[in-house]
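As structure tokens, the structure follows; a few thoughts come after it.
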Amino acid sequence: MGKVVVIDHPLIQHKLTILRSIHTSSMDFRNLVTEISTLMCYEVTRDLELRDIEVETPLGKCMGKEISGKKIGFVPILRAGLGMVDGVLNVVPGARVGHIGMYRDPETFKPVTYYCKLPKDVNERTMILLDPMLATGGSLIAAIDELKKRNVSTIKALNIIGAPEGIEAVKKAHPDVDVFLAGIDERLNEHKYIIPGLGDAGDRLFGTK
């Protein structure tokens, strides 16, 4: 059964408060998303498998640890998920990065997939989906569907903030997927935006509004 984890580290919560502010510039918003993603990535990768390995230091030999389980892959959901890529690659620089492009139909609020490019060995990796906002859950559910079509067995979601409605929708559709967040907000409004949220993450990242 998948779990929902709220990462309440003080540094993340402090940065999240600044991220929400209407006075935060696009440049600062991008930097904060990168920093929060880096900090959250430590928690989402906490269960990586290790094995013992001998290492030689300048003064002698000792036993150390190295990662031995599945390799990691990251998949930002375009476009806002792009803002999280540099942050997670700071922690796992050797990871492969796929991309899933989606937009939300303004009338139905349903996700429309227009692009999907994933690593060839995607089914052999732990794949971590990246999107700052988990609102209705539609985009995340559709992205998980794309990964499962390719026989990916270990999938996690890394989101900065989420709405209860979206979290419940993802849990219902994909109960085997772990969801990691920095905060869970109050609700969705009539336009399916998170309240209080932080606005449109894509627009704030790239200065398009």
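On the given criteria, is residue 198 at negative phi and either outside any loop (DSSP other than H, G, I, E, B) or touching a Cys at 6+ places or on another chain (Cβ under 6 Å) (or both)?
no
Given the criteria touching a Gly at 6+ places or on another chain (Cβ under 8 Å), among the hydrophobic types (A, V, I, L, M, F, W, C) and over 24 Å from residue 164 (Cβ atoms), does residue 95 qualify?
yes
List the pairs whose first member sits in segment 138-160 and is in contact (Cβ under 8 Å) with a residue 60 or more places away in the chain, whose second member is among the small types (Gly, Ala, Ser) and in a loop (DSSP other than H, G, I, E, B), and whose Cβ atoms are under 6 Å apart, counting only residues at least 6 apart or on separate chains?
Note: pairs meeting the criteria are 160/182.
How many of the residues in segment 132-148 are under 15 Å from residue 176 (Cβ atoms) and out of contact with any helix residue (DSSP H, G or I) (no Cβ under 6 Å at 6 or more places or on another chain)?
So the answer is 5.
Kindly list, by first and then second residue, each pair from a residue in segment 1-12 that is over 13 Å from residue 134 (Cβ atoms) and among the aliphatic types (A, V, I, L, M) to a residue that is part of a loop (DSSP other than H, G, I, E, B) and at pLDDT below 95, limited to pairs with Cβ atoms under 8 Å and residues at least 6 apart or on different chains.
So the pair list comes out empty.
The values are calculated or read from the model by the stated rules, or taken from the named source; none is laboratory data. All figures in this text were calculated on a predicted structure; none of them were measured in a lab. Note: ideal-geometry Cβ built from the backbone for every residue, glycine included; neighbour counts use all protein chains shown.
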